[in-house]
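Report on the following structure.
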């Protein structure tokens, strides 16, 4: 027996069907819906991306309609014909139906409804079923394209993709909010961030990026927090300042949004998504944002932005016609991690930033400390023992160029692009304080 690569099947799409009007096609799909009208029935077929209408006519099809049910995997054969009222402007007149698989039980959710009529709790309870709904899964087509475009852009700018360990001996962010584990008798933790490894890799690659899981053992139960999420991270060396990092992110997001429009028109139309236009992103120092927020009824925390503050700032700049993104910079040093560089002009502030999008922080980034003595001094000032971070400090001892970077929450970005109200809707299988399955 020989295995050849020239018989690989691709998933059917509307453009392919349009090119075969009047011709016969064979399609493998799942039966999504059946609407019977006497001798005629409309059988909606669900592929991995599309809903394709087919027509069953008992005078034409060799097989009985009773042989199929919702959820069946089938291989259908039929003739493609134009139908402007059908999804994609085409339909298939069936001549043969081969049943490939049959569900053992009926679906607990009505997947044929235009929108999934289920509460978020019910959705998560039956997550593996809910994800079969076209509108639910469309979110993850959007997410896939965001992630793919991020990779493409980083690669185009000479960044090297890395894969850092997720079981670590030290915590990048510090604090108690880590998942601790016994690693063959040694204390270890799930990585809160690839931060230390990104900085290490700058020493020999100059520019690196990573797409990977991030773990936070926080007792949050909000619409914006997960205990495991996907981080889009990059770190770049030989920067002149954190503005270089902000410019890189702006250009990357411009590419991502352009790519979404080009590759996800089907999902954008289905979900009625408003993909943002990005030109220059406005920027404001935290110290300047605070009095502005006070005027708008916010600014309750003098050291950080509250969720309400993030909404107020985004609305403020949107109403001024400056877009839906805003950078907030120079956060207080006391509220930023030990590796963030303090501003030489005002050491109470840091060379750091958050990027807000539609009322939510999606990015934290900035310039890092690259000087060995400066990093040791800041750790000691915070009561940290540099010896406990020897592998990290050792990188600085051997020399690091001026560098900076950022981390983006993929689920948060997807949530806001898709106009979702809860981050769990932008996670295939959410992990929070209440969900460990499926």
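Laboratory data are not the source of any read-out in this text; all were calculated from the coordinates shown. Just so we're clear, the structure is a prediction, and the values are computed from it rather than from any experiment. Don't worry about glycine lacking a Cβ; one is built from the backbone with ideal geometry, like all the others, and counts go over all protein chains shown.
Quick notes
- Legend: ranking of residues 26, 201 from fewest to most surrounding C-beta atoms inside 10 Å; resulting order 26, 201.
- The chain gives an Rg/Rh value of 1.05, both radii derived from C-alpha positions and Rh following Kirkwood.
- Considering only the chain, percent of DSSP beta bridges that pair antiparallel, nearest 5: 90
- Cα gyration tensor, segment 186-229 - rounded (a/c under 1.5), prolate or oblate: oblate
- Each 10 Å bin from 0 upward holds the following percent of the Cα-Cα pairs of segment 85-184: 10, 20, 24, 26, 14, 5, 1.
- With neighbour counts taken as other beta-carbon atoms within 10 Å, the residues 285, 416 rank, fewest first, as 285, 416.
- On Cα atoms only, tilt of 372-381 relative to the major axis of the chain in degrees: 90
- Between helix 134-156 and the chain: long-axis angle, C-alpha atoms, 0 to 90°, nearest 10: 50
- Sorted ascending by nearby beta carbons within 10 Å, beginning with the fewest, 156, 193 become 156, 193.
- Estimated Rh, segment 20-66: Kirkwood, alpha-carbon pairs, angstrom: 11.6
- Cα-based helix-to-principal-axis angle, 242-263 vs the chain, degrees rounded to 10: 0
- When only alpha carbons are used to place a centre, segment 257-294 and segment 421-438 end up 24 Å from one another.
- Extension gain from residue 151 to residue 60, taking 0.36 nm per residue of separation minus the Cα-Cα distance: 27.9 nm
- Here's the picture: a label point sits 7 Å out from the Cα of residue 206 along the beta-carbon direction, and within segment 401-438 the residues with their amide nitrogen under 16 Å of it are 401-404.
- Over segment 307-386, the reciprocal of the mean inverse Cα-Cα separation, the Kirkwood hydrodynamic radius, stands at 13.8 Å.
- Across segment 14-101 the C-alpha pair distances fall into 10 Å bins from zero in the proportions 19, 59, 22, 0 percent.
- Antiparallel bridges, percent of DSSP beta bridges restricted to segment 14-101 (to nearest 5): 90
- Multiplying the residue separation of residue 287 and residue 223 by 0.36 nm and removing their Cα-Cα distance gives an extension gain of 20.3 nm.
- Counted over segment 249-320 with a bin width of 5 Å, the fraction of Cα pairs per bin, in whole percents, is 3, 14, 20, 15, 14, 15, 10, 7, 2.
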